[in-house]
Every structure is written in structure tokens, then in C-alpha cells.
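Worksheet: one structure, shown below.
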Ligand SMILES: [Mg+2]
């Protein structure tokens, strides 16, 4: 078991909030009006703002006709969406996002423990939190640890916590507060990013595996190798970097030395996770490839 806590957002990641809200012609029309206004007045950056931040932007009396018009479009859109989501049963009856089940299973498989749900409440909506809680109990019993309904998600950020969320307004503060975060765009992309992140974290000395069993043992192994620590990487790049002529857009990584494709042979498995020292004894290269010989 890895001592990493994963926090998974609900709306847009596990629950199809937008699918339900925009299953309605009027809300589709008002959203299009709001987006058209943002485009018209060159204010598209507001699209990624939280509703609280948009409200702050339009707070007070607006004298500029463009801002006045935008504020009107936003208020009409926002009020309508809230009226839709305020109806009892809205959050209780949301559809599951595709692969919602797979995502929670993946989190458990990668860390050896259940993930937590971390979802923001909808302002002034009394049904939101209890209905979300019931929804999770119905669909995901036994598949998550804690259910947390809180706007300040960054409270749970630390060097061993990961937030999976579809909004940058939550992932960015989480990272700024010292945590790790994955911006959810699809299950496949999240799966790829999460595996990569947990592999990186599990090589970190701060994260421990309490099961004495390599956490990635049962996955398909594409290669086995020796991963260089930061000091070795920096040293290699410092000494041999000046001899590299890199094409535009390329950067030196000096990440690992492949031992074999696929998993290590059974008689070498006891070497997994061990620290080794390599001595560079020779260097060779041409205009396409550079390599060092080690022993
Ligand atoms: Mg969300």
C-alpha cells in the first residue's frame, strides 16, 4: 500500500453534471449567448473563471456598455442554471460519467487503498450535499474512503496527495498549496497521467510502500531499467551536455538506462527497487545518437 491519498472530484469526472444541466434547450441557448458575448467583447478568459470569480468581476454598477451587456448575459445564464440544479432530485439523479467505475478502481489498484471523493457544494443549494452523498452511496458503495463536500479543496494538498479534477480553478490552487493534481479531460488521459505521476512519487523517498510488494508488479511492464537520481542526471548533462547538438524543441532528459524490454527475469526480481552505482567509463556518439558506457 502506498501512503498516497487520492481525491477525486465528482461533477465532470464521476457524475455527468453538464449532461443533465444542458439537457434543456433554454440552458443551451443561454450558455451560447454568454459564450457569444465573451467572444464578441474579447473576454474569453472569463470562461475558465469560477462562478464566484465571474461575480466578483461584475460586482457593483457597470458603466461600460460592454460590461453591462456581459453582466446581463451572465446573470441570466447563471440564474437559470441554478434554478435547474436547485430542483430537488437534480444531484440525486445525475448519470455516471463514462468510465467512472474504472477510474475509482484504477486509483485503488495503483495505491492499494481506496480514494476519497472531494466535491464542491453548489452555493446556496440545500439539496446538493445530501443528494451527492446519497448518489455516491448508491453507485460506489465500498469503492471510496471519505466523502468530502468542500469548496476549499486545497486544504487537502500535501506532498503525498493527488487531486483529480476537471477544473483548473481547483487543480492550480491544489498544486500551489504543495499537492499534486491531474486535470481530468478523459479517462484515458487521466489514467496515463495518474500512472506516470504515481510511478514518479513511488520513486520518491518520502512516499513509502507498506506492503513490501512492488505496487506496479501486476501491470504490463514495457521495459526494466535503472532510473537515474537527480544528482546523476544533472552530472551527466553537465559533463556531456555541451557535446550534444539538440534539434529545436528537444531537451536532454538523461532519465534511465534500459536493461531489457518487458519485466526483469525472475532470478533478477530481487534487484527491483535497489540502489545501484554506475561508473561511466566511455563516451561515443555521432550526429544522431550519444551514449555512455557504464560498469
Ligand atoms: Mg468538476
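What follows draws every value from the coordinates through simple rules; no lab data is involved. Since we're looking at a predicted model, the values are computed, not measured. Because the Cβ atoms are built from the backbone with ideal geometry, glycine has one as well, and the counts that use them run over all protein chains shown.
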| query | Expressed as a whole number of Å, what is the distance separating the alpha-carbon centroids of segment 111-136 and segment 13-63? | reply | 23 Å
| query | Calculated from DSSP H runs of 4 or more alone, at -39500 (n - 2.57) each and per residue, what is the 222 nm mean residue ellipticity of the chain, nearest 500? | reply | -12000 deg cm²/dmol
| What fraction of the DSSP beta bridges in the chain is antiparallel, stated in percent and rounded to the nearest 5? | 45 percent
| Relative contact order for the chain: what is it in percent, counting Cα pairs under 8 Å that are at least 6 residues apart? | 19 percent
| task | Using the number of other C-beta atoms within 10 angstrom as an exposure proxy, rank 73, 146 with the fewest first. | result | 146, 73
| message | Taking the number of other C-beta atoms within 10 Å as the exposure measure, put 149, 128 in order starting with the fewest. | response | 149, 128
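How do 190-197, 8-15 rank on mean C-beta neighbours within 10 Å, highest first?
8-15, 190-197
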| With the chain treated as a Gaussian network of Cα nodes joined by springs under 10 Å, which of 89, 37, 241 yields the largest mean-square fluctuation? | 241
| Ranking 279, 5 by Cβ neighbours within 10 Å, fewest first, what do you get? | 279, 5
